[in-house]
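Worksheet for the structure shown next.
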Amino acid sequence: MATNPLKKLYFSIIVFTIIDFLLVFLVLFLIFKEINNSSQNFLKTREKINILAQQKENFEKIKIFYRDHEEDFKKIENCFVDAEVPLEFINFLEKNAQDCQLQLKINSLIKNQDKDSVLPFLSFQLSFQGNFSNFLKFLEKIENGPYLIETSNLNVHSVKENITQGDSLKENEIFLTINVVSK
């Protein structure tokens, strides 16, 4: 029975060797798994850093672009009428009507948001008394003015004819509807 303790010894060595290999394998597996997780986290973090660096670069470009075109943006902003208080636009209309020797009356103001239109706009229904050629000058001035204007309806009614010193001036009553883009 001398072989029996030797067999037990070999068996014990084999069992311990297998257990050692399993422990080493388990430890290496856990280490490699942690290395893999760490490398995945590192790649994700590096990707986020690259995205943030690109965003920072884009932001800097936008800041430079804005600084270079700030005056243009202010001009564009001034093209839109304040929907709440369109006083500046009304003064613009009155001044141009006076310059063109027309009597202006603002009949109504309607805030619109047309379903087909991307931008909100205000509709002004205006009436004028004066010479039609002066009205055409007025129309040209407001169309070339700083606001985004669309004329949508025009009606002209002849009221009376003034004869002064051989000149014949026809007074007209003119009704005009304009749409102007608002903020």
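Test of understanding: among 84, 88, which residue is at pLDDT 85 or above and under 26 Å from the mean Cα position of the chain (by Cα)? After applying the criteria, what remains is 88.
Scanning the range 48-83 for residues that are of a type in the set (S, T, N, Q) and closer than 30 Å to residue 123 by Cβ yields a total of 1. Of all residues in the range 85-111, those being touching a helix residue (DSSP H, G or I) at 6+ places or on another chain (Cβ under 9 Å) and surrounded by 18 or more Cβ atoms within 10 Å (Cβ to Cβ) number 7. Would you check if residue 43 is over 32 Å from the mean Cα position of the chain (by Cα), assigned to a helix (DSSP H, G or I) and either under 21 Å from residue 153 (Cβ atoms) or not assigned by TED's automatic domain parsing to the domain that holds residue 177 (or both)? So residue 43 fits the description; yes. Inspect all residues belonging to the range 68-79 and state whether any of them is aromatic (Phe, Trp, Tyr) and either assigned by TED's automatic domain parsing to the domain that holds residue 177 or in contact with a Leu (Cβ under 6 Å, 6 or more places away or on another chain) (or both). No, because not a single residue in the range 68-79 is aromatic (Phe, Trp, Tyr) and either assigned by TED's automatic domain parsing to the domain that holds residue 177 or in contact with a Leu (Cβ under 6 Å, 6 or more places away or on another chain) (or both).
Per the listing 90, 14, the residue uniquely under 30 Å from residue 171 (Cα atoms) and β-branched (Val, Ile, Thr) is 90. All conditions but one from (1) of a type outside the set (Gly, Ala, Ser); (2) at pLDDT below 85; (3) surrounded by 15 or more Cβ atoms within 10 Å (Cβ to Cβ) apply to residue 119; the one that does not is (3). For the range 136-183, the tally of residues that are over 19 Å from residue 112 (Cβ atoms) and either at pLDDT below 80 or of a type outside the set (Phe, Trp, Tyr) (or both) stands at 29.
The values are calculated or read from the model by the stated rules, or taken from the named source; none is laboratory data. The shown structure was predicted, so the numbers you read here are calculated from the model rather than taken from an experiment. Every residue, glycine as well, gets a Cβ built from its backbone with ideal geometry; the counts of neighbours run over all protein chains shown.
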